[in-house]
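First comes the structure, then the notes that go with it.
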Amino acid sequence: MNKVILMGRLTKNPEIKYAGKDNDMAVARYTLAVDRRRRSDGGEQTADFISCVAFDRAAEFAEKYLHQGTKIAVT
């Protein structure tokens with residue numbers, strides 16, 4: 001089994017929507033900017049932009065506590 005741990009900063013505030021039968025399940029979407037370990041040939045720092053989705057209680061947590069520029073780690 002593979003395991004990925006990413007650490008970076010949010011590019012914007014999480015977008016939250018409610019889905020499900022009675023609109024009772026929260027879904028949060030956000031993008032994480034992760035810096036690469038090595039610089040490019042020109043000496044510039046590059047980043048990868050990873051799309052993330054959180055559901056239910058994790059989505060409500062993201063809405064309440066995560067904002068643009070917040071540094072987080074995702075497993």
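The values are calculated or read from the model by the stated rules, or taken from the named source; none is laboratory data. All values reported here derive from a predicted model rather than from experimental measurement. Every residue, glycine as well, gets a Cβ built from its backbone with ideal geometry; the counts of neighbours run over all protein chains shown. Side chains included, ligands, DNA and RNA excluded: accessible areas come from the protein's heavy atoms. Shrake-Rupley method; radii C 1.70, N 1.55, O 1.52, S 1.80 Å.
What's the angle, to the nearest 10 degrees (0 to 90), between helix 56-65's Cα axis and the longest principal axis of the chain?
That works out to roughly 60 degrees.
Within the accessible area of the chain, what % is carbon and sulfur when the probe is 1.4 Å and the other protein chains stay in place?
48 percent
When the Cα atoms of the range 26-75 are enclosed in a convex hull and the volume is divided per residue, what value in Å³ results?
Each residue corresponds to 78 Å³ of Cα convex hull volume.
List the residues whose amide H sits under 5 Å from the amide H of Leu66, counting only those 5 or more places along or on another chain, with H placed 1.01 Å from N in the peptide plane.
none
Would you calculate the separation in nanometres between label points at Asn2 and Tyr18, each defined as 7 Å from the Cα along the Cα-to-beta-carbon direction?
About 3.6 nm separates the two model spin labels.
Per residue of the range 45-53, what does 6.51 cos²θ - 1.76 cosθ + 1.60 with θ = phi - 60° give for ³J(HN,Hα)? Whole Hz please, x for Gly and Pro, Karplus curve as stated.
6, 10, 9, 9, 10, 9, 7, 10, 10
Say each of Arg29 and His67 gets a label point 7 Å from the Cα, pointing the same way as Cα to Cβ; how far apart are those two points in nm?
About 2.4 nm, to one decimal.
Rolling a 1.4 angstrom probe over the protein heavy atoms, how many square angstrom per residue are accessible across the chain? Can you show the working numbers first?
On the way: 6150 Å² over 75 residues.
Per residue, the chain has 82 Å² of solvent-accessible surface.
Enumerate the calculated ³J(HN,Hα) couplings along the range 7-22 in order (Karplus 6.51 cos²θ - 1.76 cosθ + 1.60, θ = phi - 60°), each rounded to whole Hz, writing x wherever the residue is Gly or Pro.
10, x, 10, 6, 7, 7, 5, x, 9, 10, 9, 10, 10, x, 4, 10
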